[in-house]
């Protein structure tokens, strides 16, 4: 029997349906791949020890992507179009975790993502740091492959 080792979390890419640019797949951090149930509580008459909790619907967290700022990016143009022109065009995207050979280990397919927030790190003449842009997306759901 072979020993199992969990995969490393640093070799991944994010592919947007709106971009074929190889620079648009590189991100410093990806967070927000989470799902949970909204629960509804019911109290039963005469039962004071507990309340019944029943699942109602699933709720997906917002996705946050961070990377060094790009001056030419289809993804940023998509964000700016949403914020400047209120032109919200949902897109699907994939977060792909890879092994050391570049073979996909797990893929999260994110459905109908739209821009929610975009920010740029502080500009400070006293620091020697790269400019980081943070993109926050909301989406309907994801599936795991």
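Every number in this text was worked out from the coordinates using simple rules, so none of it is lab data. In this text the structure is predicted, and so the values were computed from the model without any measurement. Using ideal geometry, Cβ is built from the backbone for each residue, glycine included, and neighbour counts are taken over all protein chains shown.
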I need the full set of residues from the range 33-50 which are in a loop (DSSP other than H, G, I, E, B) and without any contact (Cβ under 8 Å) to a residue 60 or more places away in the chain, in order please. 34, 43, 44, 45, 46, 47, 48, 49, 50
Report whether or not residue 53 is in a strand (DSSP E or B) and under 30 Å from residue 7 (Cα atoms). no
Of the residues in the range 82-100, those that are surrounded by 13 or more Cβ atoms within 10 Å (Cβ to Cβ) and touching a helix residue (DSSP H, G or I) at 6+ places or on another chain (Cβ under 8 Å) come to 91
Scope the range 56-75; condition part of a loop (DSSP other than H, G, I, E, B) and under 12 Å from the mean Cα position of the chain (by Cα); matching residues: 61, 62
Please indicate, with yes or no, whether at least one residue in the range 58-66 is touching a residue at least 24 places away in the same chain (Cβ under 8 Å) and touching a helix residue (DSSP H, G or I) at 6+ places or on another chain (Cβ under 9 Å). yes
Looking only at the range 76-94, filter to residues that are in a strand (DSSP E or B) and within 15 Å of residue 138 (Cβ to Cβ); which one of those is nearest to the chain's Cα centre (by Cα)? 93
